[in-house]
Amino acid sequence: MNNATPAVEIRDLHKHFGRLEVLKGISLTARPGDVVAVIGGSGSGKSTMLRCINMLETPSAGEIAIHGEAYAMRPTRDGGLEPADRRQLQRIRAQLGMVFQNFNLWPHRTVLGNVIEVPVQVLGMPRDEAVARARQVLERVGLAEKEDAYPAHMSGGQQQRCAIARVLAVEPLAMLFDEPTSALDPELVGEVLTVIRDLAAERRTMILVTHEMGFARDVASHVVYLKDGRIEEQGPPEQIFGDPRSPHLQQFIRSIA
Amino acid sequence: MPDIDIATPIRPAPALPLRARLAPLLMPHRLVMAGLALTALAAIVTQMDWSWLPGYLPKIGHGLLVTLALLVSSVAAGFALALPLGAVQVTGPAPLRWLANGFCTVIRGTPLLLQLWLIYYGLGALFAQFPEIRASWLWPYLRQAWPYGFLTLTLSFAAYQGEVMRGAFAGVPRGELEAARAFGMPRLMVFRRVWFPRAVHRALPTLAGEIILQLKATPLVATITVTDLYAVITRVRQATYLTYEPLLLLIAIYLCLSGTLTLALRWLEGRVPSGR
Ligand SMILES: Nc1ncnc2c1ncn2[C@@H]1O[C@H](COP(=O)(O)OP(=O)(O)OP(=O)(O)O)[C@@H](O)[C@H]1O
Ligand SMILES: [Mg+2]
């Protein structure tokens, strides 16, 4: 491994919802260019972990650093943590892009409007420049002709590609994907996976929660298997899928295949 | 996936040839109805007494203006109040939430006429007791009736629309707001760029109905001596001893107003980007 500053570093992350402990001490490092695939059964805490990275969920304990900068946190009265510095939180968030299972586009804006929204409003980029760049990324995801369409008038696959364009437009340090194809009809999964595969080939840093095992095997540089809020096994895809050691992982892979 | 609603694309109705468009109107029962309506209209114009109308036109015009001014201003001010009333009930701190909720419940649960009189007689009498107010530049206005009518209508519209906005704010899918936060938008920007416009879109379809209800509430101000359209027509009836003609005119004017409003808002709604 190279010794560049990690794009994302998670140290001993804990999270509980009330009395339910969902993450029980997770440590994970993604270096620039890494494609980390996170797999695991339903309820194992994959989404929760991913959402802690941009503080959509606040950790109960542990530390998270993006490109070497740790979130400033302070203790809450009930023994958890909360972000201590809103400015820093917003600045770091703007460097991460998240692609959601349900796309979560802004339906009152066109495709172009969705893609330029963050560069113009959050990053303060001049509109012309944002539009020019938006057209480039829309071209990349194959939506060049759709820039004036509204999300509601597009297929799920097109919406998800628009969501990916929205992320690309901010040139994020790392991209976070939470099951980007789970809400899609089977015949639309391919077009989205193709886009993500291209991005992975460019060695963009990403952390990708997915149920598509074949895809994870193809694109990931590193695979993490979550089980009951712990990383039970991790390693290169050949090892995880070809020679899994943990009995749970062996069973999980058999059940999916 | 309750978060995604697939709106049906709005297509402009295809332009049919004139004959095809008229065809549904030419069915026998419709022809009979149209004939009856025309006969009634002819009877109204020729058999009834309309000689008073030209003389009263200026007064009627003035009454119409007063009604429209009250409607527009109370809708605008009420809507502006409804936004915080709705938003606070969804995210506000508990005391504010209760306050807003209580306000909406009380106003919506009591007769508008009662509120009008309470505000006009109660507040009016109260103001008169303070020499500071009597001496202020506001007093010439506060001695008139319309400010109390405006205030009451505004509060009423705010309460009803506040309830609508509460539902609209609460109904914006969480994921859309979450996406905004995930991209580093500050809270105020999330509100301004996503939450607020989405809530207004969701509330728009019911807005036309609420405004028409408000239009129909305006004649109540005649009971506190504001000379709106209804008050003018009442005076016409007293002066001319005519029973039906002025009332028919009043109905026709209100119908025209609500029809225009409905069409205008439908047009507006069609222009707003879809995605509800
Ligand atoms: N906001 C919340 N409040 C309470 N419990 C929650 C919340 N979010 C998640 N959980 C619980 O935390 C556990 C882990 O959820 P999470 O969504 O992280 O699982 P996952 O691995 O992403 O599962 P899936 O594959 O079904 O998406 C689940 O038991 C879930 O019910
Ligand atoms: Mg999940």
(request) Please work out which residue is farthest from the other protein chains (Cβ to nearest Cβ), limiting yourself to region A:123-174 and to residues that are among the β-branched types (Val, Ile, Thr) and more than 15 Å from A:PHE103 (Cα to Cα). (result) A:VAL131
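Which fully enclosed helices (runs of 4 or more DSSP H) of region B:118-204 have 1 or more residues being charged (D, E, K, R), under 30 Å from A:PRO83 (Cα atoms) and away from chain A (no Cβ under 14 Å)?
Correct list: B:146-171.
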(request) Kindly indicate which of A:LEU176, A:LEU168, A:LEU184 is touching a strand residue (DSSP E or B) at 6+ places or on another chain (Cβ under 8 Å), open to solvent by less than 60 Å² (accessible area, probe 1.4 Å) and within 16 Å of ligand 2 (Cβ to nearest atom). (result) A:LEU176
(message) For region B:76-101, which positions are of a type outside the set (A, V, I, L, M) and either surrounded by 13 or more Cβ atoms within 10 Å (Cβ to Cβ) or within 22 Å of the chain's Cα centre (by Cα) (or both)?
(response) B:GLY78, B:PHE79, B:PRO84, B:GLY86, B:GLN89, B:THR91, B:GLY92, B:ARG97, B:TRP98, B:ASN101
(request) Please verify whether region B:245-261 includes one or more residues that are within 27 Å of B:THR46 (Cβ to Cβ) and either at pLDDT below 90 or among the acidic types (Asp, Glu) (or both). (result) yes
(request) Check every one of the helices (runs of 4 or more DSSP H) wholly within region A:155-243 and list those with 3 or more residues that are of a type in the set (A, V, I, L, M). (result) A:156-168, A:186-201, A:213-219
(message) For the structure I just gave you, tell me whether A:GLY124 is assigned to a loop (DSSP other than H, G, I, E, B) and without any contact (Cβ under 8 Å) to a residue 12 or more places away in the chain.
(response) yes
(request) Report, by residue number, each residue of region A:28-82 that is within 16 Å of ligand 2 (Cβ to nearest atom) and open to solvent by 30 Å² or more (accessible area, probe 1.4 Å). (result) A:SER42, A:GLY43, A:SER47, A:ARG51, A:GLU57
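Looking only at region B:114-149, count every residue that is under 30 Å from B:ARG166 (Cβ atoms) and open to solvent by less than 60 Å² (accessible area, probe 1.4 Å) and tell me the total.
9
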(request) Can you give me the number of residues within region A:83-111 that are surrounded by 14 or more Cβ atoms within 10 Å (Cβ to Cβ) and more than 10 Å from every other protein chain (Cβ to nearest Cβ)? (result) 3
(message) Condition first: within 16 Å of ligand 2 (Cβ to nearest atom), at pLDDT below 95 and surrounded by fewer than 15 Cβ atoms within 10 Å (Cβ to Cβ). Can you find one or more residues in region A:216-226 that meet it?
(response) no
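The values are calculated or read from the model by the stated rules, or taken from the named source; none is laboratory data. No experiment lies behind these values; they were computed from the predicted model shown. Using ideal geometry, Cβ is built from the backbone for each residue, glycine included, and neighbour counts are taken over all protein chains shown. Please note that ligands, DNA and RNA were not included when accessible areas were found on the heavy atoms of the full protein model with its side chains. Shrake-Rupley method; radii C 1.70, N 1.55, O 1.52, S 1.80 Å.
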